[in-house]
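K.L.:
The structure's right below; bear with me while I get my questions together.
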Amino acid sequence: MAPTLTLKSGTSWPEAWQRCLAAAPEAFRDERVLNLWSAAWQADGRVLPAVSPVDGSPITGPPRLDGATARQAVRAALDQHRAWRHVPLPERRARVAATLDALAEHRRLLALLLVWEIGKPWRLALADVDRAIDGVRWYVDGIEEMVAGRAPLDGPVSNIASWNYPMSVLVHAVLVQALAGNAVIAKTPTDGGVACLTLACALAAREGIPVTLVSGSGGELSQALVRAPEIGCVSFVGGRDTGASVATAVADLGKRHVLEQEGLNTWGIWNYSDWNALTAVIPKLFDYGKQRCTAYPRFVVQRHLFDAFLAAYLPAVRTLRVGHPLAVERPDDPYPELDIGPVINAAKAKELQDQVAEAIERGAVPLHRGSPSDARFLPGRTPRPTSSRSRSSTHPRPLRCTTRSRSARSTRSSWSTRRRSCWPR
C-alpha cells in the first residue's frame, strides 16, 4: 500500500505569502501585490482571482492596469532611463551584483512561489532561480568588454515573456538590460508568476535598479508596451500568435526588438546504436511536463530501428515521477524528486486530453499509459473525471501514440512518436 502523503512543513501558500510580506512589505499587501512604476509601488489595477495549478486553491492574482495607466508607467520609465543611462558602469555593476546577492538570499522563497504559481517541481523551480542568478553573474563578470564602444538605447526596454520561466528568462533579461545602461519594463505573464516576479523586482528596486513591473491584458497594454514612442526596444518571448502581432508592430514602427517565439523540436533517430545513452536522457525530456520550447514532443524513428527505440524508450518512460510538488511522507522530509507536476491550468489539461482522444480516434496506438495510482498525491487529491474547471484536471499523465508516416518525397519511411500529457476522464 502506498504511504499516506502530507504537505511538507513550512511550504503552504499562506506561509509563503507571509514570508513575502516580511521580505518585501513595500510590494505586498494583505491579499494582493502592487504594481511598480514611477519608482514607487502602486496599489492600482483590478486584481483578478487566481488559483494554483497544484491544487486549485486561491492564490494572489495579477493587478491588471488599464491602457491609460500603462502609458503613464512607460513615460515614467523613460524618465528613469534618461537618468540611469548616465550612471557609470562600475556603479551599475555594483547595484546589479547586490541584487543578485539579495536574490540568492531569498532563492528558496522564490522557488516556492514558482511551485505554487506555475506548478514547477521543486528541483526545477530552484533551477529556474539559480539559472537567473548564475546567468546574470556571468554578464556582471564580463560586462566591460561587452559594452565597450556601445551606448545605452534611447528608451527603456519593454519585456513581455511567457509564464514558464519567470526567473531564468524574464528576471535574467531585466537585470542584464539594466546592467547595460537601460531602464527596464516587465509585464507579468497572465498565467502565473506574479508573486515571484514581484519579490524579485522588489529586491532589485531596493538596490536602485530602474525597473517597472506592471500587470494587464496583452491586448490592452500593447499600445503602451509595444507601440509607445518612449520604448527603446521590445523584448518578446512567447507564443507564435502574440509574437506575430508584436513582430508586425515593431516592423511597422522600425523599433529595435528581440523576438523569441515558441517552437517544439523533433528528434530524428537514424543509423543510431547508443541506446543506453538514449534511455538515460529520455526522462530529462519530460522536465516540467514538457511545458517548454525544448520539450521534444515528437520522435521520428527509422523504421528498422523502431523495435530498438521502443526497448530504450519505454523503460525510461516508466521511471517518470509524477505528482504534487510538495507532497511528502513526513512533514520534515526533503522535497520530492519529481519529473512532472501539474500543467499550468485546467484549460491546458483539457486541451491535452482532447488531443490524445483525437489521436487515438484517428488510429494512433497508445504505447504507455500512466496511472494515478502510481503518482504522488495528497489524500483526497487524486485526479478523477471532472469538469475542466476542476483543480484535479490540471495534473498530467504521459501517453504515447505512434503514427506511421511516409514522406511524399522519399522512399524511406519512418515512425513518429507523439507524447501528450493529461489525466484520464
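K.L.:
Being in a helix (DSSP H, G or I), among the aliphatic types (A, V, I, L, M) and surrounded by fewer than 16 Cβ atoms within 10 Å (Cβ to Cβ) is the filter here, so list the residues in the stretch 9-48 that pass it.
P.N.:
Across the stretch 9-48, the qualifying residues are Leu21, Ala22.
K.L.:
Okay, moving on. Can you tell me which of Ser215, Ser162, Ser168, Ser222 is under 19 Å from Leu65 (Cα atoms) and free of Cβ contacts under 8 Å to residues at least 60 places away in the same chain?
P.N.:
Answer to the selection: Ser222.
K.L.:
Scan Ala202, Ala249, Ala224 and give me the residue that is crowded, with 16+ Cβ neighbours inside 10 Å, assigned by TED's automatic domain parsing to the domain that holds Leu21 and either modelled with pLDDT of 95 or more or touching a strand residue (DSSP E or B) at 6+ places or on another chain (Cβ under 6 Å) (or both).
P.N.:
Ala202
K.L.:
Output the residues belonging to the stretch 223-241 that are within 14 Å of Ala73 (Cβ to Cβ) and among the small types (Gly, Ala, Ser).
P.N.:
Across the stretch 223-241, the qualifying residues are Ala224, Ala228.
K.L.:
Is one or more of the residues making up the stretch 158-169 closer than 21 Å to Pro14 by Cα, assigned by TED's automatic domain parsing to the domain that holds Phe236, aliphatic (A, V, I, L, M) and surrounded by 24 or more Cβ atoms within 10 Å (Cβ to Cβ)?
P.N.:
no
K.L.:
Kindly evaluate Ala308 against the criterion of being in contact (Cβ under 8 Å) with a residue 24 or more places away in the chain and either surrounded by fewer than 18 Cβ atoms within 10 Å (Cβ to Cβ) or part of a strand (DSSP E or B) (or both).
P.N.:
Against the criterion (in contact (Cβ under 8 Å) with a residue 24 or more places away in the chain and either surrounded by fewer than 18 Cβ atoms within 10 Å (Cβ to Cβ) or part of a strand (DSSP E or B) (or both)), Ala308 qualifies.
K.L.:
Given the structure, is Ala83 surrounded by fewer than 24 Cβ atoms within 10 Å (Cβ to Cβ) and closer than 21 Å to Gly10 by Cβ?
P.N.:
No.
K.L.:
Moving on to the next point. Restricting attention to the stretch 253-301, which residues are hydroxyl-bearing (Ser, Thr, Tyr), crowded, with 17+ Cβ neighbours inside 10 Å and at pLDDT 75 or above?
P.N.:
Across the stretch 253-301, the qualifying residue is only Thr279.
K.L.:
Anything in the stretch 57-111 that is in a helix (DSSP H, G or I), within 20 Å of the chain's Cα centre (by Cα) and not charged (D, E, K, R)? List them, or say none.
P.N.:
Across the stretch 57-111, the qualifying residues are Leu100, Leu103, Ala104, Leu109, Leu110, Ala111.
K.L.:
May I ask you to list the residues in the stretch 193-230 that are β-branched (Val, Ile, Thr) and closer than 20 Å to His81 by Cα?
P.N.:
Passing the criteria: Ile209, Val211, Thr212, Val214, Val226.
The values are calculated or read from the model by the stated rules, or taken from the named source; none is laboratory data. What you see is a predicted model, and the numbers here were worked out from it, not measured in a lab. Note that we place each Cβ from the backbone using ideal geometry, even for glycine, and neighbour counts take in every protein chain shown.
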